[in-house]
Amino acid sequence: MKRDHIVPLGLLALCAAVACVANAFAQEAMPKSGALVAIDTGQTLWIAPVNGKMQVISLNDYVIPRKDGFWRVLLPSKSLPPDVVAFPLAKSKSATGARQKASPEKKEGQTEEQDQSDQEAQPDLNEVHRQEVKFLSPLYISVYTETEQTEAYSLLQTTERTGERMLVFSDAHLSIPEDTKMKDVKPCVDSENEDANYQEFASEQETFGIVRARGKWRYDGAISLRGYSPNCAVSLTLPKSVVAQTELFPVWKEVKDVYPDAEDAFSSPAHDLILIFYQNRLMVAPVQQGKVGKPLLRLEVNGKPVMVEWALGKYVDEWTKQLTPYFGVYQPKTKASQ
């Protein structure tokens, strides 16, 4: 006689409860943080969970989040000091076009032909060979500029122009004590140089900005010397009013133990998501029980991060809603295409 295998109702209930817990854990495993990431190629990525998957969209311009919405940051021309403006993301295309159509100012009484002739006759020693954004935030931008004669940093602060929906950027006036400047510049200057004016010349040409180094934002100084232009680290911690340093979680050693090729990393303040940069690549991974999980995304980025701003909880969906109409399918951008 064949006997049926009857599973006790209590065991069925227990299995159902375990399945529910497993499904709930699987849903909780997806991070609830989103990252707005700017790369020094001039591209901004929005990386966030959408419908249970981590997705990425991008825009080939810099975008910063502010209390009054998102702003597109533009460097319309290469110059020293840098020319930087910003417009609300929703209106930035029309504003950019109007700005580009504006003709440059000529000297009083000078015709267009004379102005062009002067430009051809006199070589511009301040012509910019290279200009790169090194740091970007809702309030500040740090730009590195290289010309025929010099290399210089500029740290600029945003100011909203009265009566216009427009941000302008002006000198941030860093407060770096003179004794700190002198102490930090010594290791960068050739100690064997016998020129009596060498040290004085160096100190007069020093400029300061913000760069990313060893997993932290820090001040950096550029010195224009006779023959070369070294960069010097500044032994002064950046104030939180300039850059909100988020402590890495897990700590750097644990990240390197799991991913030895890691060069830099940023973690969400909610401790549920981490961005790991390595060899012009970006890996996005969850953080579970204090450990880096399996990658959710691997991206080619072709550059270095200059900004990471986080959205948490309900603001993730809100940022996705606001950015999606302007961002598109992610395609890595190279510096050569700027």
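Beta carbons closer than 9 Å, at least 6 apart along the sequence or on distinct chains, pair a first residue in the stretch 309-321 that is more than 15 Å from Ile64 (Cβ to Cβ) with a second that is basic (Lys, Arg) and not in a helix (DSSP H, G or I) for Leu312/Lys32; Gly313/Lys32; Val316/Lys32.
Whenever a residue of the stretch 266-293 is without any contact (Cβ under 8 Å) to a residue 24 or more places away in the chain and surrounded by fewer than 19 Cβ atoms within 10 Å (Cβ to Cβ), its partners that are of a type in the set (D, E, K, R) and part of a loop (DSSP other than H, G, I, E, B), lying with C-beta atoms within less than 9 angstrom and at least six residues away or across chains, give the pairs Tyr278/Asp261; Tyr278/Glu263; Gln279/Asp261; Gln279/Glu263; Asn280/Lys304; Arg281/Asp261. Screening the stretch 124-137 for residues that are part of a loop (DSSP other than H, G, I, E, B) and loosely packed, with under 15 Cβ neighbours inside 10 Å and picking the one that is modelled with the highest pLDDT gives Glu127. Exactly one residue out of Glu160, Glu151 is out of contact with any Ser or Thr (no Cβ under 9 Å at 6 or more places or on another chain), modelled with pLDDT under 90 and either buried (at least 16 other Cβ atoms within 10 Å of the Cβ) or of a type in the set (Asp, Glu) (or both): that is Glu160.
Residues in the stretch 72-91 that are surrounded by 21 or more Cβ atoms within 10 Å (Cβ to Cβ) and either part of a strand (DSSP E or B) or without any contact (Cβ under 8 Å) to a residue 24 or more places away in the chain (or both): Arg72, Val73, Ala86, Phe87. Of the set (1) among the polar types (S, T, N, Q); (2) loosely packed, with under 12 Cβ neighbours inside 10 Å; (3) modelled with pLDDT under 70, all apply to Gln205 but (2).
Restricting to the stretch 328-338, name every residue that is among the basic types (Lys, Arg) and not in a helix (DSSP H, G or I). Hit for the stretch 328-338 is Lys333, nothing else.
The values are calculated or read from the model by the stated rules, or taken from the named source; none is laboratory data. In this text, all values refer to a predicted model and were calculated from it rather than measured experimentally. Here Cβ is always computed from backbone atoms with ideal geometry, including for glycine, and neighbour counts include all displayed protein chains.
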